[in-house]
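Asks: After the structure tokens below, expect a handful of questions from me.
The values are calculated or read from the model by the stated rules, or taken from the named source; none is laboratory data. Predicted, not measured: the structure shown is a model, and the values here were computed from it. Cβ placement follows ideal geometry from the backbone for every residue including glycine, while neighbour counts extend to all protein chains displayed.
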Amino acid sequence: MIPIRDDVPTKSFPLVTIVLMVINVGVFVRLMLLPSAASEETVLRLAVIPYELTHVPAGRLDVLGYNILTLVTSMFLHGSLLHLGGNLLYLWIFGNNIEDVMGRVRFLIFYILCGLAGALAQIAVRPASQVPMIGASGAIAGILGAYLVMFPAARVQTLFFFIFFARIVPVPALIVLGSWLLVQLVNAGNMGPGGVAWFAHLGGFLAGLLLIVPFRVRRVSQSLY
């Protein structure tokens, strides 16, 4: 089940959404152009490593500050084209509408806060993990949470794959995003599959649910509030 587009029109040009997409693509391409060793070193340097945040040597404020900064830099790194493409697809479909109801500056702050919330949620669950965390999934999960509150009845054109054919079907956003959330909850509960920060998704989603009300600047008829 892959969302393609929604039916919610916007009143403003989604500048921040597009800029975020361009930055993510630009960083990914730049790393792809580096030699393999240099690319891996850069990713390790800019990724969040929970252990390094929870085991900072006493008095090393420089180390603490650097590790805190990785909470932001890690949001713009992706491990594969599929990882990048999936995040950008959700960002484009749902992000433009949330930017529209928040305004550009508020939306950017909201995006960063949801990304931070996602990373901190994963760190809280896996404080001793030395596996690097990268990706915009926490921030985008926040957008999904906000969208669920603001546009639960929106129709999302969704591509379904069956055994021998595929079909695009309009599905209520409540079902699309509810299904997404269910997948996150099931996998987080099962602690798998490995390599995916499921609790970062859940943390970002929860942040989006909570922050949409104070961050929005206009209401819409589909809002649950």
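Asks: Assuming GLY85 fulfils every condition listed in (1) assigned to a helix (DSSP H, G or I); (2) under 24 Å from SER129 (Cβ atoms) apart from one, which condition is it?
Replies: Every listed condition holds for GLY85 apart from (2).
Asks: So, TYR111, is that one at pLDDT below 95, hydroxyl-bearing (Ser, Thr, Tyr) and either assigned to a helix (DSSP H, G or I) or farther than 17 Å from LEU202 by Cβ (or both) or not? I'd like the intermediate steps shown before the answer.
Replies: Details: at pLDDT below 95: no; hydroxyl-bearing (Ser, Thr, Tyr): yes; either assigned to a helix (DSSP H, G or I) or farther than 17 Å from LEU202 by Cβ (or both): yes.
Spelling it out, it is not the case that TYR111 is at pLDDT below 95, hydroxyl-bearing (Ser, Thr, Tyr) and either assigned to a helix (DSSP H, G or I) or farther than 17 Å from LEU202 by Cβ (or both).
Asks: Going through region 119-133 one residue at a time, which ones are surrounded by 16 or more Cβ atoms within 10 Å (Cβ to Cβ) and among the small types (Gly, Ala, Ser)? Spell out how you get there, then give the answer.
Replies: Filtering region 119-133 down to residues surrounded by 16 or more Cβ atoms within 10 Å (Cβ to Cβ) leaves 119-123, 125-126, 129, 132-133.
Hits for region 119-133 are ALA119, ALA121, SER129.
Asks: Of everything in region 179-194, what is modelled with pLDDT of 85 or more and either not hydroxyl-bearing (Ser, Thr, Tyr) or not in a helix (DSSP H, G or I) (or both)? Give them in sequence order.
Replies: Passing the criteria: TRP180, LEU181, LEU182, VAL183, GLN184, LEU185, VAL186, ASN187, ALA188.
Asks: With the condition kept exactly as written, say whether any residue in region 149-160 is part of a strand (DSSP E or B) and either free of Cβ contacts under 8 Å to residues at least 60 places away in the same chain or buried (at least 23 other Cβ atoms within 10 Å of the Cβ) (or both). Steps first, answer last, please.
Replies: Initially, region 149-160 is screened for residues part of a strand (DSSP E or B), giving 155-160.
Then drop every residue that is not either free of Cβ contacts under 8 Å to residues at least 60 places away in the same chain or buried (at least 23 other Cβ atoms within 10 Å of the Cβ) (or both), which leaves 156.
For region 149-160, residues part of a strand (DSSP E or B) and either free of Cβ contacts under 8 Å to residues at least 60 places away in the same chain or buried (at least 23 other Cβ atoms within 10 Å of the Cβ) (or both): present.
Asks: Could you please tell me which pairs satisfy a Cβ distance under 6 Å, a separation of 6+ or placement on different chains, a first residue in region 103-117 that is of a type in the set (Gly, Ala, Ser), and a second residue that is modelled with pLDDT of 95 or more and crowded, with 18+ Cβ neighbours inside 10 Å?
Replies: That search, which allows pairs on different chains as well, returns GLY115/MET75; GLY115/GLY138; GLY115/ALA139; ALA117/GLY203; ALA117/GLY204; ALA117/ALA207.
Asks: Residues being in contact with a Pro (Cβ under 7 Å, 6 or more places away or on another chain), touching a residue at least 24 places away in the same chain (Cβ under 8 Å) and over 14 Å from LEU20 (Cβ atoms): count how many of those fall in region 49-93.
Replies: Counting residues in region 49-93 that are in contact with a Pro (Cβ under 7 Å, 6 or more places away or on another chain), touching a residue at least 24 places away in the same chain (Cβ under 8 Å) and over 14 Å from LEU20 (Cβ atoms) gives 3.
Asks: I need every pair where a residue in region 179-192 that is surrounded by fewer than 14 Cβ atoms within 10 Å (Cβ to Cβ) has its Cβ under 9 Å from the Cβ of a residue that is at pLDDT below 90, sequence separation at least 6 or different chains.
Replies: Close Cβ pairs satisfying both conditions: SER179/MET1.
Asks: Please tell me if THR73 is over 21 Å from LEU177 (Cα atoms), among the hydroxyl-bearing types (Ser, Thr, Tyr) and either at pLDDT 95 or above or in a helix (DSSP H, G or I) (or both).
Replies: Numbers: over 21 Å from LEU177 (Cα atoms): yes; among the hydroxyl-bearing types (Ser, Thr, Tyr): yes; either at pLDDT 95 or above or in a helix (DSSP H, G or I) (or both): yes.
Taking the combined requirement at face value, the residue satisfies it.
Asks: Determine whether ILE123 is among the hydrophobic types (A, V, I, L, M, F, W, C) and closer than 17 Å to LEU211 by Cα.
Replies: Values: among the hydrophobic types (A, V, I, L, M, F, W, C): yes; closer than 17 Å to LEU211 by Cα: no.
Considered against the rule, which asks whether it is among the hydrophobic types (A, V, I, L, M, F, W, C) and closer than 17 Å to LEU211 by Cα, ILE123 comes out as no.
Asks: Specify which of the listed residues (ALA166, ALA141) is free of Cβ contacts under 8 Å to residues at least 24 places away in the same chain and more than 19 Å from ASN67 (Cβ to Cβ).
Replies: Values: ALA141 fails: free of Cβ contacts under 8 Å to residues at least 24 places away in the same chain.
After applying the criteria, what remains is ALA166.
Results for (1) surrounded by fewer than 20 Cβ atoms within 10 Å (Cβ to Cβ); (2) out of contact with any helix residue (DSSP H, G or I) (no Cβ under 8 Å at 6 or more places or on another chain), shown as yes or no for each residue.
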residue: GLY85; (1), (2): yes, yes
residue: ILE93; (1), (2): no, yes
residue: ASN97; (1), (2): no, no
residue: MET102; (1), (2): no, no
residue: ARG106; (1), (2): yes, no
residue: TYR111; (1), (2): no, no
residue: CYS114; (1), (2): no, no
residue: ALA117; (1), (2): no, no
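Asks: Could you list all residues from region 114-144 that are part of a helix (DSSP H, G or I) and among the polar types (S, T, N, Q)?
Replies: First pass over region 114-144, keeping only residues part of a helix (DSSP H, G or I): 114-125, 137-144.
If the condition is that a residue be part of a helix (DSSP H, G or I) and among the polar types (S, T, N, Q), then GLN122, SER137 are the ones that fit.
Asks: Moving to a separate point now. Scan region 43-58 and tell me whether some residue there is among the small types (Gly, Ala, Ser), farther than 25 Å from GLY203 by Cβ, out of contact with any Gly (no Cβ under 8 Å at 6 or more places or on another chain) and in a helix (DSSP H, G or I). Quick ask: steps written out before the conclusion?
Replies: We begin by selecting, within region 43-58, every residue among the small types (Gly, Ala, Ser); these are 47, 58.
Restricting the remaining residues to those that are farther than 25 Å from GLY203 by Cβ gives 58.
Add one more test, that the residue is out of contact with any Gly (no Cβ under 8 Å at 6 or more places or on another chain), and what stays is 58.
Adding the requirement that they be in a helix (DSSP H, G or I) leaves none.
No: zero hits.
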